[in-house]
Every structure is written in C-alpha cells, then in structure tokens.
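The values are calculated or read from the model by the stated rules, or taken from the named source; none is laboratory data. Not measured: the values here are computed from a predicted model. In this analysis, Cβ positions are derived from the backbone assuming ideal geometry, glycine residues included, and neighbour counts consider all displayed protein chains.
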Amino acid sequence: MESRGERENRWSAAQSKEDAFWQRDGVLSTQMERVISRYGPVLKRIEAQLHTHSTILDVGCGPTCSAQLFSVGLKTYLDPLMDSYLETYPGNLPEGEKICSTAEDIPRPDETFDVVLCVNALDHMIDPDKALTEMRRVMKMDGIFVLGIFLHPSPIAKLRRFIERWLPIFREDAHPYSYTLEIIREVLNNYFTIQEEIRVFRKDPAMIPALHREDWMFICKKT
C-alpha cells in the first residue's frame, strides 16, 4: 500500500505528463469533439433543471471545461493545472472563474454550488474519497453531482490492481484507481443518491467489448 507521500509523488509525475499531453498541437480540438459527442446530450438534459443564476463547479476540468456545454449558469472551473492551461490556451478557455487547485482541497465554503461536475478526473486524483467528500461539501442540499468516468470489466480491473500492487514497473501512473460498474456504485452511494446511470461510449461489439473500458456518466443528488 502506497503512503500518502508516495501517492503525491506519483501524482506530481503524472501531472507533468498530463501537462505535456495538453501542449501537443491539435489535442484540444480532438478532445473537445469527444466531450461534446459523449457528454453533451446528457448535460443538455440536466440543463433543463438549471436557471441563469445556477452555480456550477467543474472539478478537474482540464482545458476542455465540460461545464461550458451548459448554456446557463455561473461557472467555476477547477484544475491543478489551470495556470498552465491559461498560458497554453490564452483566450480559448470559456468564461467563468478559474481556480488552480486540487479536488481534495476546494477553496469554497460549504453548500456553494447547485451542480458539481467531474468528468474523466476521479481516477487521476491523489485521494478520490477525500475529493468526493469535498465535492459533496461544497454542494447545496438537493444539488446535482455529475460524474463522468471510464469503467473497466471486472477481470481487467483485477489485473490492473494486481499490477498496481505487485508489478509497479508496468503500472499506469496517470490512473492509479481502476473502477468497475459495481465498485463505482458502491463508492457513490457513500456520498450521494444515484439518480441515473448512462453508458455514453463502448467499443464496437466486434472488438471484444469484455476487454475494453466503457465511458459512463452518473447523475446523483445530494440528500
């Protein structure tokens, strides 16, 4: 089991690689297409519950800033690489407050936001449980939590966890946590009430889907 310091060192190294990834030519436009096609339809349905002054926090937003797909609301974008994104993409990030911070330490008071969005970020974090605690803390009662996450088939998740523990030379530094559908349900139920589960992407069945991760979204309520 890694110590907190070891997890933080690993996370710092992974963040350096993430930063280098987003500085590659053309990567923002291709990743933005994926965000729009996969998550856009779900976010548009949630938008029907919002109004002009709804407060929205996008945690681990990256430069794609998924919350910008909401056409209403007051948006706050939080990412530990935000300062780098502002330098790499000057003028290209959406309007809204931008915070350079981790999900484990959100610098906002309790019950600030109507919606908290976390897309493709939870399995990158130092401490997902602490991050979920923080995200729940800053949500208003009856607020909406939206999680987008890649889920693995159980055999693949077990293999990844085995590699994490016993074969660290082969591990994937950027994704220290491997979730299955069953596990993420258990995790989310510790903090929220799951309202809806939507699989937004899977490989073509001809590509042996049992061996491939799938992209899911979960709409939850704070109760």
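Give all pairs with beta carbons closer than 8 Å in which a residue from the range 1-24 that is at negative phi meets a residue that is of a type in the set (Phe, Trp, Tyr) and surrounded by 10 or more Cβ atoms within 10 Å (Cβ to Cβ); count only pairs at least 6 apart in sequence or on separate chains.
Trp22/Tyr85
Out of contact with any strand residue (DSSP E or B) (no Cβ under 9 Å at 6 or more places or on another chain), at pLDDT 95 or above and not hydrophobic (A, V, I, L, M, F, W, C): which single residue out of Glu47, Glu8 fits that description?
Glu47 is the lone residue from the list that is out of contact with any strand residue (DSSP E or B) (no Cβ under 9 Å at 6 or more places or on another chain), at pLDDT 95 or above and not hydrophobic (A, V, I, L, M, F, W, C).
Yes/no matrix, rows are residues, columns are (1) among the polar types (S, T, N, Q); (2) under 22 Å from Thr30 (Cα atoms); (3) touching a Gly at 6+ places or on another chain (Cβ under 7 Å):
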{"residue": "Cys61", "(1), (2), (3)": "no, yes, no"}
{"residue": "Tyr77", "(1), (2), (3)": "no, yes, yes"}
{"residue": "Lys98", "(1), (2), (3)": "no, no, no"}
{"residue": "Asp129", "(1), (2), (3)": "no, no, no"}
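What are the residues in the range 154-190 that are over 14 Å from His124 (Cβ atoms), surrounded by 12 or more Cβ atoms within 10 Å (Cβ to Cβ) and of a type in the set (A, V, I, L, M), if any?
The answer is Ile156, Ala157, Leu159, Ile163, Leu181, Ile183, Ile184, Val187, Leu188.
Assuming Arg202 fulfils every condition listed in (1) within 23 Å of Arg34 (Cα to Cα); (2) among the charged types (D, E, K, R); (3) at pLDDT 95 or above apart from one, which condition is it?
With (1) within 23 Å of Arg34 (Cα to Cα); (2) among the charged types (D, E, K, R); (3) at pLDDT 95 or above applied to Arg202, the lone miss is (3).
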